[in-house]
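Since the structure comes first, as structure tokens, the remarks are kept for the end.
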Amino acid sequence: MKLLVTGGAGYIGSVVAAQLVEAGHQVTVLDDLSTGHADAVPSGARFVEGSITDAGGVLPGMDGVLHFAAKSLVGESVEKPGLYWANNLGGTLALLDAMRTAEVGRIVFSSTAATYGEPERSPVLETDPTRPTNPYGASKLAVDTALTTFAGLYGLAAVSLRYFNVGGAHTAEDGRVYRERHTVETHLIPNVLAVALGGRDAVSVFGTDYPTPDGTCVRDYIHVADLARAHLLAMEACSPGEHKIYNLGNGTGFSVQEVLSVCREVTGHEIPAVVQERRAGDPAVLVASSEKIQRELGWKPEHPSVRDIVADAWDVLPR
Ligand code: UDP
């Protein structure tokens, strides 16, 4: 297939683009490089630097779009909600309009567990209430809603994948490494590994008074290569007039303290930790039921162990 990957110079988008190229698809990456890196675009893909609001120029002739380009920092979204609504919802609506004009009928959308907010139960099912607690999650949920409407009205074939906590790195068949390298890093595993590398003195543990076994937040960690594979399955499975939504996680929760212990084991470093206040908007427990995507698309995680996720991220960090 001829596929457009928006945000394909970012962490997850670049792994998906690499897997698509390996699977024999013709891939074009559209990325404005606001947070991505041009050298993350796989060598077998064509790269166009630009905004999703200008996707019209690259869409003609495409069979489908995998849409990752978005603002994704929860804290920033609380401070600048307009930026998140404009980019994530406004940008996607412009992309969807351009897709209609160019008669591109398939989209796989990078959604998030943040659409659920503070879940009532664990693991979270796709049918559970969506009550986002920040503009980031709200903007992604609004796109999910728009996709349902567009599928019903215009026959769009759409799949939303709601990611839980993504980690690890991917080494492609050609030996190229795709890893997380955010300028502003908020995620737990890369922040812990940065301390192990000596780049920072201590890792902050945001809150130890949650209603969880050790008091720290529990999350469901999924390997980026497993997550990426689900996009290929979703693109193949999407069908006109339908919008399908799938959670993507491992179905097992690990606390911040447990992740820290795994990181200490894997790196052999002590990794000092300092307890800080809770981070605003963090739910206590966020664990996915991925039963639906396993049942309907035959997806199965190949690297479900947190140890492997941490070790893969650690092994490729430049020393
Ligand atoms: N966290 C932490 N220290 C950090 C980064 C994150 O204690 O430096 C905690 C955070 O409060 C949450 C969990 O680790 O409970 C996972 O956070 P992350 O930002 O990785 O993902 P999120 O679940 O927010 O998408």
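Within the span defined as segment 104-126, one or more residues are basic (K, R) and either surrounded by fewer than 22 Cβ atoms within 10 Å (Cβ to Cβ) or away from the ligand (no atom under 16 Å from the Cβ) (or both). When we screen L66, L59 for residues that are in contact with a strand residue (DSSP E or B) (Cβ under 8 Å, 6 or more places away or on another chain) and in a loop (DSSP other than H, G, I, E, B), the only hit is L59.
Filtered by the rule that a residue be surrounded by fewer than 16 Cβ atoms within 10 Å (Cβ to Cβ) and closer than 22 Å to D174 by Cβ, segment 33-42 gives H37, A38, D39. For segment 40-72, a residue qualifies if it is in contact with a Phe, Trp or Tyr (Cβ under 7 Å, 6 or more places away or on another chain) and within 16 Å of the ligand (Cβ to nearest atom), and the qualifying residues are K71, S72. Against the test of being within 12 Å of the ligand (Cβ to nearest atom), at positive phi and either in contact with a helix residue (DSSP H, G or I) (Cβ under 9 Å, 6 or more places away or on another chain) or small (G, A, S) (or both), the options G198, G167, G175, G207 yield a single qualifying residue, G207. Which one is surrounded by the most Cβ atoms within 10 Å (Cβ to Cβ), of the residues in segment 178-193 that are hydrophobic (A, V, I, L, M, F, W, C) and near the ligand (Cβ under 8 Å from one of its atoms)? Step by step, filter segment 178-193, then rank; the result is V192. Under the condition of being under 30 Å from T133 (Cα atoms), out of contact with any helix residue (DSSP H, G or I) (no Cβ under 7 Å at 6 or more places or on another chain) and of a type in the set (A, V, I, L, M, F, W, C), the residues counted in segment 18-72 number 1. On the given criteria, is E126 farther than 20 Å from E236 by Cα and modelled with pLDDT under 95? No: the conditions fail for E126.
Yes or no, residue by residue, for (1) more than 21 Å from Y136 (Cα to Cα); (2) surrounded by 15 or more Cβ atoms within 10 Å (Cβ to Cβ); (3) charged (D, E, K, R):
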{"site": "Q26", "(1), (2), (3)": "yes, yes, no"}
{"site": "D31", "(1), (2), (3)": "no, yes, yes"}
{"site": "G44", "(1), (2), (3)": "yes, yes, no"}
{"site": "F47", "(1), (2), (3)": "yes, yes, no"}
{"site": "G61", "(1), (2), (3)": "yes, no, no"}
{"site": "F68", "(1), (2), (3)": "no, yes, no"}
{"site": "G91", "(1), (2), (3)": "no, yes, no"}
{"site": "T101", "(1), (2), (3)": "yes, no, no"}
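Against the criterion of being within 9 Å of the ligand (Cβ to nearest atom), farther than 26 Å from V316 by Cβ, in contact (Cβ under 8 Å) with a residue 24 or more places away in the chain and not charged (D, E, K, R), V218 qualifies. Restricted to segment 130-245, the set of helices (runs of 4 or more DSSP H) holding at least 3 residues that are under 14 Å from the mean Cα position of the chain (by Cα) comprises 135-154, 224-237.
Table: residues versus (1) among the small types (G, A, S); (2) under 14 Å from T92 (Cα atoms).
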site: G105; (1), (2): yes, no
site: T112; (1), (2): no, no
site: Y116; (1), (2): no, no
site: R121; (1), (2): no, no
site: A138; (1), (2): yes, yes
site: L147; (1), (2): no, yes
site: F150; (1), (2): no, yes
site: L153; (1), (2): no, no
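Screening V259, V266 for residues that are more than 20 Å from the chain's Cα centre (by Cα), outside any loop (DSSP other than H, G, I, E, B) and among the β-branched types (V, I, T) leaves exactly one candidate, V266.
The values are calculated or read from the model by the stated rules, or taken from the named source; none is laboratory data. This one's a predicted model, so the numbers in the text were calculated from it and none came from an experiment. We place every Cβ from the backbone using ideal geometry, glycine too, and count neighbours over all the protein chains shown.
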